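To keep things clear, I will list the structure first and then write my remarks on it.
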Amino acid sequence: MPCIVESYSASVGIGHSQGRLYVTHVHLFNACQLSVWALEDYNSKQWTLKHSVRILELFGRHQRSCDEFYDVIAIHPERNLVFIIGRTMKRRFLMSYDMDNLRVQIICPLDEYSLGTCAPYVPYFGELQLSEKVGSTSQLLS
């Protein structure tokens with residue numbers, strides 16, 4: 001696995017896209033460097049750096065203000081697209097970053113919403129496996 005340590009200076013996320021496990025990392029003190037790693041081979045545990053970009057340069061800037069932070073909150077399941085929350089003391093916004101076209105798009109401001117933490121939807125397949133063995137969930141309840 002890539003050597004990534006979560007700390008106050010970094011934001012780390014995990015997701016599943018296009019049949020692979022992904023790890024995202026935003027290093028806040030390196031012009032908000034976004035790195036996206038993919039687990040290419042589950043058997044050999046081979047991770048590959050798929051993309052790297054400085055988020056601030058997408059906005060034509062090179063320096064982060066002291067109250068500016070970015071967190072990857074989700075990875076699109078079928079495209080090379082990540083969803084990022086940008087925040088300062090005064091503003092919060094949701095944006096997407098297309099890694100193929102190197103384009104960032106502001107989706108909406110989040111200033112009106114009091115979101116503590118954003119967590120993406122992750123399907124739970126444990127019940128599916130259980131129901132295959134038992135026959136159906138209703139059999140468990142009787």
Phi-based couplings in Hz for the range 91-102 (Karplus 6.51, -1.76, 1.60; Gly and Pro marked x): 9, 9, 8, 9, 9, 10, 10, 8, 6, 6, 9, 6
Run the numbers for H16 and R91: contour at 0.36 nm per residue of separation, minus the present Cα-Cα distance, in nm. 24.1 nm
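Could you work out the per residue convex hull volume over the alpha carbons of the range 10-110, in cubic angstrom? Mind showing how you got there, number by number?
On the way: hull volume 9.2 nm³, N = 101.
Residue-normalised Cα hull volume stands at 91 Å³.
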Net charge of neighbours whose Cβ lies under 15 Å from the Cβ of R103, counting Lys and Arg as +1 and Asp and Glu as -1: -1
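Here, each number is a calculation from the coordinates, and none is a lab measurement. In this text, all values refer to a predicted model and were calculated from it rather than measured experimentally. Counting neighbours? That spans all protein chains shown, and the Cβs are built from the backbone with ideal geometry, glycine included.
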